[in-house]
Amino acid sequence: MTTGLLINTAVEKHRSGDYDAAARLYHQALLDDPSQPDTWNLAGVLAMQVGRTQDAVNYLTHAVQLRQGVPDYYLNLASALVESRREQEAEKMARKCLKLSPRNKTAWNVLGLALLGQGRLMEADRALRKATGIDRNFADAWANRCRVHLQAGRIVEAELAAKRALEINPEHFNAVNNLGACYRLQNRLAEACMAFRQVLELRPTCTSGWINLGNSLRMMGKSNDASVAFQRAVDIDPKHALAWACLGVTRQDVGQFDEAVRCLAHALKLNPQDRVIGSSVLFALNLSSQISRQQLFSQHVAWGQRHRVATANQISFTQPPDRDRRLRIGYVSPDLRQHPLVCFLEPMLTHHDRQQFEIYAYAELTHSDRVTERLQSLTDGWHNTYGRSSCEASSLVRDNEIDILIDLAGHTANNRLDIFAERAAPIQVTMIGYLNTTGMEEMDYCVSDAIRDPEEDDEFYMERIVRLPGGGVCWQPPDAAPDVNEAPLLQNGTVTFGSTHRPEKITRETASLWAQVLHRIPDSRLLVFHNQFSKDDTLQSQLADRLAAGGVDLKRVSFGWDDSGEYLPAYLAMGVLLEAIPWSSGTTAFDAMWMGVPIPTLYGDRPMTRATASVLHRLGLPHLIAKSADEYIEILVGLSRDPVTLGALRAGLRDRVRQNLCDAAAFVREFESALRSMWHVWCDEQQSGNIVGR
């Protein structure tokens, strides 16, 4: 068969969808005559179609080298380079095509993708607008415009672009997928699930479709259904790092912390440079019984080293080192909305001395709510960082001339530690949101207290720990809480232990400890209350099985929830709240004791086990802090046998909380004094010749 006949036959096979035969024929034709650029081009196009991206790049590069000035060659190579994540090279090829064919809509579309991949969102948007301007019915370009809007945080515009693509082609895969993302980011989760299920109808083996469906289900509180979706993604592509990471997070959601670490560590092995996966691993490691405090610290330091920005500590700042001038403080958080963080942050914002401090906020938000509006009204400057690269966001902070930048998230979800890695401000601080070191050399201070982080723990922090005498946080009680009632033990002679912990906190270890408590106090009961139980019935059965495995008669256990989201009234039926281990109570401890329900705790070897202990110490109740499981059980036995003491404690707890945890003015004075001291240190360092740092 002549070379010409080989090529003609290959093209026929290619058009008919017999890709294997076409590939063999193209290969033979190239062996016979490697000087034909058209053959290299056709072989490259076929390789792209069957997912052999690197082969496509090689073939198409040969075509371009053999014959310059052919627009389609440049365009095809640009497309292959985009798929290979070689966006800068793709941009060059797309521009070469457009120089020869300036109204080539596909070239504008590919250029837009190349620019999008480089984070150049404004230029990408202009290129894609060119494409849709040339052809208003170009569905691919509309779908990609949606992607640009999504990355820029313009969710409403993204939704409109996706819907325009779907008007043109109702089964446009990328448009359906992007529309689902729009819905999820707006918390329209049922619509998001519908969109992602349509994606999977179009492509049942689409890994990202299963991941997106799983994330939407997880946000709806359906952790077990989400886990099934993520497992499907892993089965389809065992080397997909994000799929493994998502699977790990759902294992964490159901209290399987060691299994969560295994999945997340595997994800990180597949993609060691993924900052978000790395943070997820660190969060899970805090809860693992298989790692020591020293190992935990080492893992945090390793994360900090992996994500260092080489030029960060070479940055000079324009702020004058005036020790007593008014300072600009910036708070960075993904949780400036309806979220537990707000009950700690809002009183701080309310009581800041505005003559001494100017307050800015950097919110990593996809959507806002009334709480967002309330917080924004308490600031002098407000910026949304969603969709901004680390470089863009840190430049924004520097342009605002922030003196002290404060992280409120640590390694929790949607954090922006990447901004701090860029050394966005002269002084950088972490507090409240994450109970451990960030592991970053660029984080100068951690605000805490002497119970959560005693002095002997300094060796486990990259930051200098600032221990505020009055505690590391102040708390704002809920507006509408029921009055504290008489202790149930005084009413009916039976102690009712309670839990309002998130279900994932009630691990096998926790359930086993609770079972021992119930054995020691045979006439006691247990009320487990959380609204998550109404969203995922497998969570209730899972906990019941764990308690039964500890020998608990399930007739002594009640489950409850309130579909309206209310939970404070549940405390009226509880006498003592049981602690979760190793993940001790955060806002739960504050809420419970505001309602008169004490929560004895077990003091562990790392900060995440000590949050409740910190609260109890500030309330003058150190005798409720145990150092061992046996001591913890004895504390509960003692309370259950002393109804008078328990009743008096219940009656006085709200006043204790109000006096010791809710004096925001006093807390902020202490906190501002600490900030001013940090500033003085920095000013002194500037005078001694240091540019930035501690």
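A few points about this structure:
- Residue satisfying all of: in region 83-103; in contact (Cβ under 8 Å) with a residue 24 or more places away in the chain and closer than 25 Å to Leu150 by Cα; surrounded by the fewest Cβ atoms within 10 Å (Cβ to Cβ) among these: Arg85
- From Gln252, Gln273, Gln186, Gln231, residue being out of contact with any strand residue (DSSP E or B) (no Cβ under 9 Å at 6 or more places or on another chain), among the polar types (S, T, N, Q) and within 22 Å of Ser534 (Cβ to Cβ): Gln252
- Of the numbered criteria (1) modelled with pLDDT under 90; (2) among the small types (Gly, Ala, Ser); (3) within 35 Å of the chain's Cα centre (by Cα), the one Gly498 fails is (1).
- The residues of region 443-479 that are of a type in the set (A, V, I, L, M) and either part of a strand (DSSP E or B) or closer than 25 Å to Gln295 by Cβ (or both), listed by number, are Met443, Val447, Ala450, Ile451, Met462, Ile465, Val466.
- Residues considered: Asn41, Asn58, Asn76, Asn8. Of these, the only one that is closer than 24 Å to Gly119 by Cα, assigned to a helix (DSSP H, G or I) and among the polar types (S, T, N, Q) is Asn76.
- Any hit, region 507-519, residues being over 27 Å from Asp253 (Cβ atoms) and surrounded by fewer than 22 Cβ atoms within 10 Å (Cβ to Cβ): yes
- Sub-8 Å Cβ pairs linking a first residue in region 107-121 that is outside any helix (DSSP H, G or I) to a second residue that is of a type in the set (Ser, Thr, Tyr), at least 6 apart or interchain, are Gly119/Ser389, ordered by first then second residue.
- With respect to the stated conditions, Glu463 is under 27 Å from Phe297 (Cα atoms), in contact with a Cys (Cβ under 8 Å, 6 or more places away or on another chain) and touching a residue at least 12 places away in the same chain (Cβ under 8 Å).
Yes/no per residue for (1) touching a helix residue (DSSP H, G or I) at 6+ places or on another chain (Cβ under 6 Å); (2) among the small types (Gly, Ala, Ser); (3) surrounded by fewer than 18 Cβ atoms within 10 Å (Cβ to Cβ); (4) not assigned by TED's automatic domain parsing to the domain that holds Arg525:
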{"residue": "Ser584", "(1), (2), (3), (4)": "yes, yes, no, no"}
{"residue": "Pro598", "(1), (2), (3), (4)": "yes, no, no, no"}
{"residue": "Pro622", "(1), (2), (3), (4)": "no, no, yes, no"}
{"residue": "Ala626", "(1), (2), (3), (4)": "yes, yes, no, no"}
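- Pair list, Cβ under 7 Å, 6 or more apart: region 633-644 residue under 18 Å from Arg525 (Cβ atoms), other residue in a helix (DSSP H, G or I): Ile633/Gln516; Ile633/Val517; Ile633/Arg520; Leu636/Val517; Val637/Arg520; Leu639/Leu646; Pro643/Leu489; Pro643/Leu490
- Within region 138-188, tally of residues that are polar (S, T, N, Q), in a helix (DSSP H, G or I) and closer than 26 Å to Met220 by Cα: 4
- Test result for Thr430, among the β-branched types (Val, Ile, Thr), closer than 28 Å to Arg325 by Cα, free of Cβ contacts under 8 Å to residues at least 40 places away in the same chain and buried (at least 19 other Cβ atoms within 10 Å of the Cβ): yes
- Residue in region 421-442 that is in contact with a strand residue (DSSP E or B) (Cβ under 9 Å, 6 or more places away or on another chain) and in a helix (DSSP H, G or I) present: no
- Within region 307-323, being part of a loop (DSSP other than H, G, I, E, B) and in contact (Cβ under 8 Å) with a residue 24 or more places away in the chain holds for His307, Arg308, Val309, Ile315, Ser316, Phe317, Thr318, Gln319, Pro321, Asp322, Arg323.
- Among the residues of region 1-24, those that are within 19 Å of Val57 (Cα to Cα) and free of Cβ contacts under 8 Å to residues at least 24 places away in the same chain comprise Asp20, Arg24.
- Filter result (in contact (Cβ under 8 Å) with a residue 60 or more places away in the chain and surrounded by fewer than 20 Cβ atoms within 10 Å (Cβ to Cβ)) within region 328-340: Pro340
- All of (1) basic (Lys, Arg); (2) out of contact with any Gly (no Cβ under 9 Å at 6 or more places or on another chain); (3) in a loop (DSSP other than H, G, I, E, B) hold for Arg398 with one exception: (3).
- Being touching a Gly at 6+ places or on another chain (Cβ under 6 Å) and either over 15 Å from Met574 (Cα atoms) or buried (at least 18 other Cβ atoms within 10 Å of the Cβ) (or both) holds for only one residue in Arg656, Arg650, and it is Arg650.
- Scanning region 493-516 for residues that are under 15 Å from Thr587 (Cα atoms) and of a type in the set (Ser, Thr, Tyr) yields Ser499, Thr500.
- Just one of the numbered conditions (1) out of contact with any Gly (no Cβ under 9 Å at 6 or more places or on another chain); (2) closer than 28 Å to Gln252 by Cα; (3) modelled with pLDDT of 95 or more is not true of Gly221: (3).
- Filtering region 105-124 to residues that are crowded, with 21+ Cβ neighbours inside 10 Å and of a type in the set (S, T, N, Q) leaves Thr106, Asn109.
Conditions (1) at pLDDT 95 or above; (2) more than 16 Å from Thr587 (Cα to Cα); (3) not in a helix (DSSP H, G or I), marked per residue:
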residue: Ile329; (1), (2), (3): yes, yes, yes
residue: Gln338; (1), (2), (3): no, no, yes
residue: Leu345; (1), (2), (3): yes, no, no
residue: Thr350; (1), (2), (3): yes, yes, no
residue: Arg354; (1), (2), (3): yes, yes, yes
residue: Glu358; (1), (2), (3): yes, yes, yes
residue: Ala361; (1), (2), (3): yes, yes, yes
residue: Ser368; (1), (2), (3): no, yes, yes
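- For region 372-425, a tally of residues being aromatic (Phe, Trp, Tyr) and either without any contact (Cβ under 8 Å) to a residue 12 or more places away in the chain or within 25 Å of His149 (Cβ to Cβ) (or both) returns 2.
- Hits in region 14-36 - residues which are in contact with a Phe, Trp or Tyr (Cβ under 9 Å, 6 or more places away or on another chain) and either aliphatic (A, V, I, L, M) or buried (at least 19 other Cβ atoms within 10 Å of the Cβ) (or both): His14, Tyr26, Leu30
The values are calculated or read from the model by the stated rules, or taken from the named source; none is laboratory data. Here the structure is a predicted model, which means the values were calculated and not measured. For neighbour counting, all protein chains shown are included, and Cβ atoms are generated from backbone atoms with ideal geometry for every residue, glycine included.
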